[in-house]
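Okay, so here's the structure we're looking at.
The values are calculated or read from the model by the stated rules, or taken from the named source; none is laboratory data. These numbers come from a predicted model, not from an experiment. Cβ atoms come from the backbone with ideal geometry, glycine included; neighbour counts cover every protein chain shown. Each accessible area value is taken on the protein alone, full model and side chains, heavy atoms only, with ligands, DNA and RNA left out. Shrake-Rupley method; radii C 1.70, N 1.55, O 1.52, S 1.80 Å.
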Amino acid sequence: MRTGAKVYIGLVSLVGISLGLYSIWQYFFVEQIPISSRHAFTQFLVLAVITIVCRCLPLTVREGCALDMSFISILSAVLIQGPIAAAAIVFLTTPFVVVSVDGKKKTYRHIFNTAPEKTLFNISNLVISILAAGVCYQLLGGVPGEMPVPESFLYAALFMVVSVVVNIIVLFTLFKMQGGFQFFPAIFMGLLQMVPNLICSTPIGYFFALLFLLPSGQYFALIFMLPLWLARYSFKLYLDGKKQQYSTVQTITAALEAKDAYTEGHSRRVEQYATLLAKELKFSHKQIEILQLAALFHDVGKIGVPDSILKKEGRLTEEEWKVIQKHPEIGVHILENIYNYPGMRDIVLCHHERYDGKGYPQGLGGEQIPLAAYVLGVADAFDAITSDRPYRKGMSLEKAEQILREESGKQFHPKAAEGMIRLLQKGEIRLERTE
């Protein structure tokens, strides 16, 4: 880690920990809210319990994107008792947070097995975000414990937006200081990823705050969390099912590639290349997800091609080539019962079509074929060009770039070819070769 990044982590941690300790001192010893009101102390404890449970149960939707329901209790704490109380809750509950980490062997992450600098930076970022947003909340007229409609909801929404913006700026500044990171595109994408969490958490947190204002409302709020946690569990089962489906696809692909040592790892590499190219062409997350599955499955139809043809080292006869050309259609037939990914079968079917209409199996071209199929075609061809085959050694990146330029508008869609060339020029493509 660079020296500047280490200094930055130290400064953020120093500020955050100082503010956290100040919040505890201010809440318990200056304002003395828990001492002066048993009801307020009960509210604080219930909010702390909900915060701990929510922080222990994040949902990893995809790599780099997790949903954490603790926003609900944090917002409720701000609306009921103020930003100081919310910061104190977050600070005090951190040692009790234990998160399950999925892997080959299930493990748990907590403060005792996490690098101290990481723990300090993360909690400091949260405290700073809460208090910065809390200042905005109070400056614009928000008063803890008073919730006139609709003004208080607007204050709540403002608090959520500001806290997320500050949190992402603090975090992404660290990434920038570590190097190799484009700040503004990345921070914009980070904010976009948080929009669903904001939209869901703000109304629920606001409703929870209203419940807390009722006599014994904190207990109603605690009970109301139960169906939310059940919904979270159901959604986790859905995400686990998708992961299992993806693992099954990888297993099938590995079994297919085991038939031929020269194609081992081909589908995985094609998936990597296609993903990089799709991101370069600004595909949506859903489009990329479908393309990734299509890339893993694109050669599944070769199960129906005899080994004598697949492993033949010499030139194929015309009849043998016709058999090979049937594998996209065989693949689509195999995949016909997969309903969750509309469009995937079209990508698999068309990945050997050419922009000039001279491909197979249907001889389509131009805009008759989805761009995703052209992206997969470029990724597939690129791996074939740069990989070793029984009849030749893999070509260099320079030669691959030359072929992409020559075949742009012929075999390859110009956008897909140009995108791949840009990736090569930026050095984002690496070849996996063993001498």
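Each principal axis of the stretch 285-415 carries a Cα extent, and these read 39, 34, 24 Å when sorted largest first.
So if R0 is 45 Å, what FRET efficiency would L214 and Q178 give, r being the distance between their Cβ atoms, rounded to the nearest 0.05? About 0.40, to the nearest 0.05.
Rounded to the nearest 20 debye, the dipole size of the stretch 94-180 about its Cα centre is 620 debye, using +1 on the Cβ of Lys and Arg and -1 on the Cβ of Asp and Glu. Put simply, the amide H of S387, placed in the peptide plane, has neighbours under 5 Å in M395, leaving out anything fewer than 5 places away on its chain. When the alpha carbon coordinates of the stretch 204-298 are projected onto the principal axes, the ranges are 71, 30, 12 Å, largest first. Comparing N122, N167, N113 in a Gaussian network model of the chain (Cα springs below 10 Å), the most mobile by mean-square fluctuation is N113.
When the charge dipole of the chain is built from unit charges on Cβ atoms (+1 for Lys and Arg, -1 for Asp and Glu) and taken about the Cα centre, the candidate among Y360, T119, T251 whose Cα reaches farthest toward its positive end is T119. Electrostatic bookkeeping for D356 treats Lys and Arg as +1 and Asp and Glu as -1; over the other residues with beta carbon under 14 Å from its beta carbon, the sum is -1.
Using a cut-off of 13 Å between beta-carbons, work out the net charge of the residues near L174 (Lys and Arg +1, Asp and Glu -1, L174 not included).
Taking every Cβ under 13 Å from that of L174, the sum is +3.
Taking the average, over residues, of other Cβ atoms within 10 Å as the packing measure, peptides 73-79, 409-415, 88-94 rank 73-79, 88-94, 409-415 from highest down.
Ignoring any ligand, DNA or RNA, what whole percent of the accessible area of the stretch 309-371 comes from carbon and sulfur when the probe is 1.4 angstrom?
Accessible surface attributable to carbon and sulfur in the stretch 309-371 totals 49 percent.
Annotation: extensible slack from I17 through E31 equals 3.1 nm (criterion: 0.36 nm per residue apart, minus Cα-Cα distance).
Calculated accessible area for the chain comes out at 52 Å² per residue, all protein chains present (probe 1.4 Å; ligands, DNA, RNA ignored). Let me test this: with uniform point scatterers at the alpha carbons of the stretch 357-435, what is the Debye-based log₁₀ I(q)/I(0) at q = 0.13, 0.15, 0.18 1/Å? Scattering profile of the stretch 357-435, log10 relative to I(0): -0.41, -0.54, -0.76. Across the chain, C-alpha contacts under 8 Å between residues 6 or more apart give a mean separation that, scaled by the residue count, equals a relative contact order of 11 percent.
Each of the peptides 142-152, 199-209 was scored by the mean count of other Cβ atoms within 10 Å over its residues; in descending order, highest first, they stand as 199-209, 142-152. At full extension, A115 and K243 could sit 43.3 nm farther apart than now, given 0.36 nm per residue minus the alpha carbon distance. Karplus-based coupling profile of the stretch 113-120, in residue order and whole Hz: 10, 10, 3, x, 5, 5, 4, 5, with θ = phi - 60° in 6.51 cos²θ - 1.76 cosθ + 1.60 and x standing for Gly or Pro. The three principal axes of the C-alpha atoms in the stretch 258-323 carry coordinate ranges of 41, 23, 19 Å, sorted with the longest axis first. Simple rule: put +1 on each Lys or Arg Cβ and -1 on each Asp or Glu Cβ in the chain, find the dipole, and look at L230, L158, A87; the Cα lying farthest toward the positive end is A87.
Give, in nm to one decimal, the length gained when the segment between T107 and K286 is fully stretched (0.36 nm per residue of separation minus the Cα-Cα distance).
Values: separation 179, 0.36 × 179 = 64.44 nm, distance 2.96 nm.
Contour length minus the Cα-Cα distance gives 61.5 nm.
Of the trypsin sites (Lys or Arg not before Pro) found in the stretch 237-336, the ones in coil according to DSSP and having at most 11 other Cβ atoms within 10 Å of their Cβ are K282, R315. A Förster radius of 56 Å combined with the Cβ-Cβ distance from V98 to D388 puts the calculated FRET efficiency at roughly 0.75.
A cut-off under 13 angstrom between Cβ atoms defines the neighbours of K410, and their net charge, with Lys, Arg +1 and Asp, Glu -1, is -1.
Using +1 on the beta carbon of Lys and Arg, -1 on that of Asp and Glu, and nothing else charged, what's the dipole of the stretch 307-435 about the Cα centre, debye to 20?
The calculated dipole for the stretch 307-435 is roughly 240 debye.
Placing +1 on the Cβ of every Lys and Arg and -1 on the Cβ of every Asp and Glu, with no other charges, gives the chain a dipole of roughly 720 debye about its Cα centre. Taken over the chain, the percentage of Cα pairs per 10 Å bin, counting from 0 up to the bin with the maximum distance, is 4, 17, 23, 19, 15, 12, 7, 2, 0, 0.
Projected label points at E320 and L431, each 7 Å from Cα along the beta carbon direction, are separated by 2.6 nanometres. Here the calculated FRET efficiency for L198 and E313, from their Cβ-Cβ distance with R0 = 35 Å, stands at 0.05, rounded to the nearest 0.05.
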